[in-house]
1. With all protein chains present and a 1.4 Å probe, how do Tyr75, Tyr159 order by accessible area, largest first?
2. Going by amide H atoms built from the backbone, whose H comes under 5 Å of the H on His407, apart from near neighbours?
3. Quick one: compute a quarter of the convex hull surface over the Cα atoms of region 180-275 and quote it in nm².
4. If I model a spin label at Leu54 and Ala101 as a point 7 Å from the Cα along the Cα→Cβ vector, what separation in nanometres do I get?
5. Could you work out how far the C-alpha centroid of region 107-176 sits from that of region 268-347, in angstrom?
6. Please list, in order along region 18-25, the HN-Hα scalar couplings obtained from phi with the Karplus expression 6.51 cos²θ - 1.76 cosθ + 1.60 (θ = phi - 60°), rounded to whole Hz, x for Gly and Pro.
7. How far apart, in nm, are the 7 Å Cα→Cβ label points at Leu256 and Phe132?
8. First obtain the Kirkwood hydrodynamic radius of the chain from its Cα pairs, then insert it into the Stokes-Einstein equation at 25 °C and 0.890 mPa s, and state the resulting D in µm² per second as a whole number.
Amino acid sequence: MRIASAEVVVTSPGRNFVTLRLTTDEGLVGLGDGTLNGRELAVVAYLRDHVAPLLVGRDAHRIEDTWQLLHRGAYWRRGPVTMTAIAAVDVALWDLKAKAAGMPLYQLLGGASRSGLLAYGHASGRDTEELFDSIRHHLDEGFRAIRVQTSIPGVGSVYGVSSVRAAGERADHYEPAVRAGLSIEEGWDTRAYLRHVPTVFEAVRSEFGAELPLLHDGHHRMTPIQAARLGRDLEPYDLFWLEDCTPIEDQEALRLVRQHTVTPLAVGEVLSSVWDYQTLLRERLVDYVRSSVTHTGGITGLRRLLDLAALHGARSGMHGATDISPVGMAAALHLGLAIHNFGIQEYMPHPEVTGKVFGTSFTFADGLLHPGDEVGLGVDLDVAAAERFPYEPAYLPVARLADGTVHDW
Ligand code: CS2
Ligand code: MG
């Protein structure tokens, strides 16, 4: 089964997506997600100009060899652009191999380890009333775990809460990448945030009870001691996890957080390889690995990382925001169904228009996601429809403190 062509499809049904489409000499098609939010075209160039010429003519069955060729053979290793490009190739090859074998990908990865994947949804609000409405919406949709993000009094628009309300859209609809000429700037005040967030979780617990798994994303904004304080102050509300509480480049920072709180910690959506986790896992500084298939070298790269995580008592918590395409989400579900140390799956459904380009077979019912039983990944890409939604530059916002200092968004 030789690779006959390698196409990079860029489309924007609702938001920008990059997909690698491999076609074999037998006419089989394999898809891989290469979407890197706000820097999409860097991966497009990496794939089109440097990787695609290496793939044509290769034996599509040699997945590990191709992974090593793209990782070691590039000489320059790791990083979000490289590992997203490798991921697109890897997932497309796994899609092909499962199609050639005539089975859903999860069967090829060892079969199902559970009946479905617990998913968490994004509830958000500018105030408690809006937040409660959003939580009720998600519970009505069947979610059994909820991530809670709110506005911060006196801070203006912040991560996780929609500041623009488009007609007909739910108040909690949120797409962080803004289709504007340049990145918009938002304010930030960590001390106001630290005072406010515990009061929000107190209100949510008293309204929705003690059992509902609740998650929160600190989105890389706190210093180690601020994160330690928030983790401690949230302990009475028994969070499923506190995510990305500090900028992850400083891995040792989590030692200080661990010293002060038992609130479970999730990190890693901006990390892109198993090597990035050595300190985090060896020292058991993380409970949930947030890396995605799309940004961590594909199924091959992430499975290796999750195997190491399993040795250190950590579970998966794969990134599943809307910038993970339907192809990337399907890959996450197949891997998540097969691994033993599955924890939870983030699920931010794509807008309806995305379905005009991507046909998917994964399901969400009673709070559980399932990849479906179509052969391969179970995702189709309509290339003609993709052309009707041309790429539009979009940037993630930037955060600035009151004195103008750039802060982690
Ligand atoms: C966030 C993401 O979902 C999350 O946990 O951290 O929404 C993140 O901001 C975007 O994926 C960035 O592209
Ligand atoms: Mg996050």
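1. Details: Tyr75 155, Tyr159 25 Å².
My answer, sorted largest first, is Tyr75, Tyr159.
2. Ala399, Arg400, Leu401
3. Numbers: hull surface 32.0 nm².
The Cα convex hull of region 180-275, projected and averaged over all directions, gives 8.0 nm².
4. Between Leu54 and Ala101, the label points sit 2.5 nm apart.
5. 20
6. 10, 10, 8, 10, 9, 10, 9, 5
7. Inter-label distance under the simple model: 3.8 nm.
8. Values: Rh = 21.5 Å.
Diffusion coefficient, whole number: 114 µm²/s.
The values are calculated or read from the model by the stated rules, or taken from the named source; none is laboratory data. Bear in mind that the values here come from a model prediction, so they are computed numbers and not experimental data. Note that we place each Cβ from the backbone using ideal geometry, even for glycine, and neighbour counts take in every protein chain shown. The accessibility values were calculated without ligands, DNA or RNA, using every heavy atom of the protein model including side chains. Shrake-Rupley method; radii C 1.70, N 1.55, O 1.52, S 1.80 Å.
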